[in-house]
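First comes the structure, then the notes that go with it.
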Amino acid sequence: MIAEIDAAHQAQAEIWGDGGFGVHPGSRRGTIARLQPATEEALQDKLWEVVPQLEQRMGCEVTHVSGVTALIYREGDHFAAHSDGGGDDDAPAEVRRRRVSLVIALNDGARDFTGGALEFFAGSVPGSAAGSEPLECVRSRPGLLIGFGSSTIHHVAPVISGRRYSLAVWALGPDS
């Protein structure tokens, strides 16, 4: 899958902010890529297999699974503390419908890159993470599926060396 990502068209990662989506390197620096349609469909089908457990564990209804976004973090790339949904009434409907964030690690954080840990913080606003210790720090291992409530504050620490590859998908709730 990493070879497919490396061969795909890549673009700078954007974030939702005032005025819509845009590139904001101070908050997020990284690259995204689209998978081949057959690969994306196969991944979504596999994720549907765990939706009943997600609904039970997270206490929410899942009606859709988003498209799959491939993420590449190179040396110096990062994603500042943020949540994936639940706090901005002006965000697009798909962002507002996010219930569970799913990250699939594709490579080994102990062998293929340094830094780049996925860290989780207490609080309900990204600013609460500033200067605080994370509650949990997750190192990548190939195939690891990490699921968490989309309103959870988290960040990707800067990659120090190598490349961090992962996939992001969101389990979405009903249309409002």
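No lab work stands behind these numbers, since they all come straight from the coordinates. Keep in mind that this is a model prediction, so the values were computed, not measured. Positions of Cβ are generated from backbone atoms using ideal geometry, with glycine treated the same way; all protein chains shown enter the neighbour counts.
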Exactly one of (1) in contact (Cβ under 8 Å) with a residue 40 or more places away in the chain; (2) not in a strand (DSSP E or B) is unmet by SER161. Its number? (2)
Within the stretch 142-155, does at least one residue satisfy the condition of being surrounded by fewer than 16 Cβ atoms within 10 Å (Cβ to Cβ), more than 23 Å from GLY22 (Cβ to Cβ) and among the hydroxyl-bearing types (Ser, Thr, Tyr)? no
One residue is enough: does the stretch 90-101 have a residue meeting the conditions free of Cβ contacts under 8 Å to residues at least 60 places away in the same chain and part of a loop (DSSP other than H, G, I, E, B)? yes
The residue that is farthest from the chain's Cα centre (by Cα), considering only those in the stretch 30-55 that are under 22 Å from PHE148 (Cα atoms) and in a loop (DSSP other than H, G, I, E, B), is GLU49
Given the residues ALA81, ALA38, ALA93, which is the only one that is among the small types (Gly, Ala, Ser), on the phi < 0 side of the Ramachandran plot and in contact with a strand residue (DSSP E or B) (Cβ under 7 Å, 6 or more places away or on another chain)? ALA81
Which residues, taken from the stretch 126-139, are among the aliphatic types (A, V, I, L, M) and over 7 Å from ILE153 (Cβ atoms)? ALA130, LEU135, VAL138
Quick check on GLY17: is it free of Cβ contacts under 8 Å to residues at least 12 places away in the same chain and in contact with a His (Cβ under 8 Å, 6 or more places away or on another chain)? yes
Answer with yes or no whether ILE5 is part of a strand (DSSP E or B) and in contact (Cβ under 8 Å) with a residue 40 or more places away in the chain. no
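Taking the stretch 146-172, which residues are under 18 Å from PHE113 (Cα atoms) and either among the hydrophobic types (A, V, I, L, M, F, W, C) or out of contact with any His (no Cβ under 9 Å at 6 or more places or on another chain) (or both)?
Result: VAL156, ALA157, VAL159, ILE160, SER161, GLY162, ARG163, ARG164, TYR165, SER166, LEU167.
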Would you mention how many residues in the stretch 91-110 are more than 26 Å from GLU133 (Cβ to Cβ), surrounded by fewer than 17 Cβ atoms within 10 Å (Cβ to Cβ) and either charged (D, E, K, R) or in contact with a helix residue (DSSP H, G or I) (Cβ under 8 Å, 6 or more places away or on another chain) (or both)? 1
Unmet requirement for ASP77, which otherwise passes all of (1) buried (at least 16 other Cβ atoms within 10 Å of the Cβ); (2) acidic (Asp, Glu); (3) farther than 25 Å from PRO134 by Cα; (4) in contact (Cβ under 8 Å) with a residue 40 or more places away in the chain: (3)
